[in-house]
């Protein structure tokens, strides 16, 4: 299974990046072998929410599951509408979060964890 994980650095030992749309990297990890591809994140352009751009990036790489930190309603809806199951990896390394996912111990994300209304203005803000 392919899992897309927001990461602070391009390494399995990096922490899961808590900023979904503004994460530094997305690691696409094959859960059986732990082989991975690191994709540099380019934040949204043209007034679009960066989270929606990362959601598209994850879909492009055919991830079945996303392990993320915090995200707004736009990004979460985009992932869910594409059939990508979303899990909270906050506080874990990429490798640790994938291991927890495989054991059934990660919490599935069903609601947005932020709306950005008071910060960046995307995904439900101004």
Inset, instruction - List the number of the failed condition for residue 33; all other conditions in (1) more than 18 Å from residue 109 (Cβ to Cβ); (2) at pLDDT below 95; (3) surrounded by fewer than 16 Cβ atoms within 10 Å (Cβ to Cβ) hold. - result: (2)
Legend entry - Whichever residue in the range 1-35 is without any contact (Cβ under 8 Å) to a residue 40 or more places away in the chain and in a strand (DSSP E or B) and, among such residues, is nearest to residue 63 (Cα to Cα): 28
Inset, instruction - Filter the range 10-26 down to the residues that are buried (at least 16 other Cβ atoms within 10 Å of the Cβ) and modelled with pLDDT of 90 or more, then identify the one that is nearest to residue 99 (Cα to Cα). - result: 12
Legend entry - Residue, nearest to residue 37 (Cα to Cα), within the range 73-96, restricted to residues that are more than 12 Å from the chain's Cα centre (by Cα) and assigned to a loop (DSSP other than H, G, I, E, B): 92
Inset, instruction - Within the range 97-113, track down each residue that is surrounded by 16 or more Cβ atoms within 10 Å (Cβ to Cβ) and either without any contact (Cβ under 8 Å) to a residue 40 or more places away in the chain or in a helix (DSSP H, G or I) (or both). - result: 97, 98, 100, 101, 106
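The values are calculated or read from the model by the stated rules, or taken from the named source; none is laboratory data. Fair warning: this is a prediction, and the values are worked out from it, not measured in the lab. Methodologically, a virtual Cβ is constructed for each residue, glycine included, from the backbone with ideal geometry; neighbour enumeration extends over all protein chains shown.
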